[in-house]
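Heads up: the structure comes next, in structure tokens.
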Amino acid sequence: MPASAVQKVTESTAFRILAAISFCHLLNDMMQSVIPAVYPILKTSYHLDFGQIGMITLIMQLTASLMQPLVGLYTDKHPTPYSLATGMGFTLVGMLLLSHAPTYKEVLGAVAMVGIGSAVFHPESSRVARMASGGQHGLAQSLFQVGGNIGTSLGPLLAAFIVLRLGQPSIAWFSIAALLAMVILAKVGAWYKEHRATRGKAKPRSTDGSHPSTKRIAITIAVLICLMFSKFVYMASLGSYFTFFLISKFHLSVQSAQIHLFVFLGAVAAGTIAGGPIGDRLGRKVVIWCSILGILPFTLMLPYANLFWTGPLTVIIGMLLASAFPAIVVYAQELVPGKVGTVSGLFFGLAFGLGGLGAALLGQLADATSIEHVYRVCALLPAIGLLTAFLPNLGSKRSAA
């Protein structure tokens, strides 16, 4: 075949793989987001307080966060293309168990299974996205992540119109999504295996001549972790408790509050799709500056806004804050070349772990004070974005070119 024809076939295959992995991310995160969306049902059925609600999120996300770096470290050395489908099998089992859990302990066990599924899925799927990127790593990471964001936004909507009407046993219907994802991921695994066999193991190379030292890398990773803390603890305040905030402050129904949560999560999806391509053009550091520190004025206004302005404020916050994660992940992958699985596992794991830890702590704070006070405290978190000044300008020459 002519070189141009080969390039077209390769690009077509890559975008099909990106679409497939993004769609599976949608299904995976849709099932995960059903869990916090049905917290009102679980709270009533099992007579839970806010601390116990936060513990559900903590168990699910800590399970994922502790395992993801280990999965990534292992697959960097021993790639396992079909682990994607296997991981989704854990999620399937978790959803089935959650739909018929007789006690609170069984609920915790079920969400732990879902957490294990995510721990296996995210590092390898992020690797596949980078393999299929054609060099546009930010765009590929955004396309991959936006699937998860769309799924996260769909979960509360489906929960509002299915689970809240039909009850907890209807959660079992979502296991069909896990089965569909397993079929698709088995085909993605076949592409992954063939891709590795065709291209071989390429050695990582530095992207420019001024790569940071080991000490600077350690400091940079620490700064990125602080920025992740700011982002995901604030996201936990909205993802786990926004419906309770709306019900408490504005006396909305559960379904109306879920629709507001859906709108916020839709804004998160829009921000995610923008963050990667903008980072490809302007640099990851610019995106991180604007997305974390840039939301500070809006988070400060949110606790005091009326219902009319609460919607626009959360949309702006969601869009800006979400644009940070693709930029952070690709920035970290460029910081440590050749460790895509480890880096992806670490940062996706941190996303789950920090979100879970934040949800648990904020639940305790809500029990001790009020749900409105939680949002007044969290409004200050984006100020941590000032630490972005300590990040080195990775890839600035490449971005300018």
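Would you be so kind as to identify all helices of the chain, as entire DSSP H runs, whose Cα atoms reach 15 Å or more along the helix's own axis and whose mean Kyte-Doolittle hydropathy is at least -1.0?
Flagged H segments are 3-37, 50-77, 83-99, 104-131, 137-158, 175-199, 214-250, 254-282, 307-322, 324-335, 340-368.
Among Lys193/Lys339; Lys77/Lys215; Lys77/Lys285, which pairs are too far apart, with a Cα-Cα distance over 26 Å?
On the way: Lys193/Lys339 18 Å; Lys77/Lys215 24 Å; Lys77/Lys285 30 Å.
Result: Lys77/Lys285 exceed 26 Å.
If a paramagnetic tag sat 7 Å from the Cα of Ser213 along the Cα-Cβ line, which residues of region 327-341 would have the backbone N under 20 Å from that point?
335-337
For every other residue with a beta carbon closer than 15 angstrom to the beta carbon of Pro382, add +1 if it is Lys or Arg and -1 if Asp or Glu, then tell me the sum.
+2
With a 1.4 Å probe and all protein chains left in place, how much of the accessible area of the chain comes from carbon and sulfur atoms, in whole percent?
70
Only one of the values (i) 63, 43, 35; (ii) 59, 49, 34; (iii) 82, 56, 42 was calculated from this structure for Cα extents along the principal axes in Å; name its label.
Here the calculated entry is (i).
What whole-number value in Å² describes the accessible area per residue of the chain for a 1.4 Å probe?
41
Can you give the net charge of the other residues whose Cβ lies under 13 Å from the Cβ of Ser291, counting K and R as +1 and D and E as -1?
+3
What nm value, rounded to one decimal, do you get for the distance between Lys77 and Phe390 when each label is placed 7 Å out toward the C-beta?
Using points 7 Å along Cα→Cβ, the separation is 3.1 nm.
The values are calculated or read from the model by the stated rules, or taken from the named source; none is laboratory data. These numbers were taken from a predicted model, which means no experiment stands behind them. Note: ideal-geometry Cβ built from the backbone for every residue, glycine included; neighbour counts use all protein chains shown. Each accessible area value is taken on the protein alone, full model and side chains, heavy atoms only, with ligands, DNA and RNA left out. Shrake-Rupley method; radii C 1.70, N 1.55, O 1.52, S 1.80 Å.
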